[in-house]
Structures are given as C-alpha cells and as structure tokens.
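Student: Structure below; questions to follow.
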Amino acid sequence: MSADWADVYRTTWPDLVRYLYRKVWDEERAQELAQEVFVRVLDDEPDNPKAWLFSVAANLAHDEVRMVIRRRRHLTLIRAESEDVDPAPDPVETMDRNEKRAAAQRALEQVGERDREVLLLWDAGLDYREIAEQTGLAVGAIGTTLSRARKRLVAAYEAAHGAEGSHVARG
C-alpha cells in the first residue's frame, strides 16, 4: 500500500520540525531538514510512514550536528559577527527567553543519549511502538524509560536553571 504523503505531511510536519529543532537548536534549519526528510522519502513505501520519517530525520540531524561541530572548530569568528547583526527587539525579554532556552538545552544535553532520543520522539508525537522501533527498546520499556527520562530532565533543568538564578542573585 502506498503512503498518502500529503496526509502524512499535514499531520506530521509540526512534530517533525519540533523534533529536529530540539536536535539542531535552530528553527530555520529544522524546517529545512524537515523538507529534506520529505524529499528523501517520497519514493519510499514504508509500512509506517511516520516512523520512517523520524528515522530519516534522526539520521539527517545526526549528520547536521557533526557538520556544525566541524564548522565551529574552523569558523568561530562567524558566530560573533552574526550576533552583532541581529538586534533584539526587547533585550530583557530576549535575554530571559535565551536563558531559559539555554537552560533547557543544557538540561537536555545532560540526560543520556537514549533518554534524550526517547523524550524527543515522544514530544514529536510518536507512540510507544514507534519509539520502540526507533530506539531498539522493547515496547513495554518505553513508559518506564520516558518516566525516568522526564525526571532526569527536570532535575537537570532545575540544577542548571537554579544555578543560573543563584548566580544572577549574587550580582
């Protein structure tokens, strides 16, 4: 049976972009990668199109992260230049949003790779069976893994955010 890619696109796009965003931490790049995912799978006929999309997305995001790391090693000055070009409309609001985003990113990086992947796939809307297919875990282990991963994420966020808050309070 051929997948109705138009329907899959409509129902999966926001979840796929959110998943990719949390992998690459760049909204525009996440949307570009999501488009690339659909381009790559259009000729495929998978049994589970949504799971296949997220599998391709995970591979693309992994490649993207490796490329970004290589780029950062060689081009550290570009980052400083680009920050000077984009003025913030409201500095306080932007700073608060950036601090929270950075704390969330650090917290997500603190949890193990398996926990991070399970959390991101769940957040992207995959069900337990689809998450199990992507991660190689047993379907029955997904709920426990998610619960523990959420607790670790919350603890990491509170530790990172709390540490920032106490640092700011000290002046």
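The numbers here are math on the coordinates, done by the rules we state, and not lab data. As the structure is a computational prediction, the values presented were derived from the model and not from experiment. So basically every Cβ, Gly included, is an ideal-geometry build from the backbone, and we count neighbours across all protein chains shown.
Student: Sort 51-58, 153-160 for me by packing, meaning the mean count of neighbouring Cβ atoms within 10 Å per residue, highest on top.
Tutor: 51-58, 153-160
Student: Something else now. Measure out, as a whole number of angstrom, how far apart the alpha-carbon centroids of the range 93-113 and the range 7-26 sit.
Tutor: 19 Å
Student: If Lys and Arg each add +1 and Asp and Glu each add -1, what is the summed charge of the other residues whose beta carbon sits under 14 Å from the beta carbon of GLY112?
Tutor: Summing Lys and Arg as +1 and Asp and Glu as -1 gives +2.
Student: Take the eigenvalues of the Cα gyration tensor for the range 97-155, scale each by 5, and report the square roots as semi-axes in whole Å, largest first.
Tutor: Taking √(5λ) for each Cα gyration eigenvalue gives 22, 11, 9 Å.
Student: Sticking with this one: For LYS100, go through the lysines and keep the ones whose alpha-carbon is under 20 Å away, minus same-chain ones fewer than eight residues off.
Tutor: Leaving aside lysines fewer than 8 places away in the same chain, those within reach of LYS100 are LYS23, LYS151.
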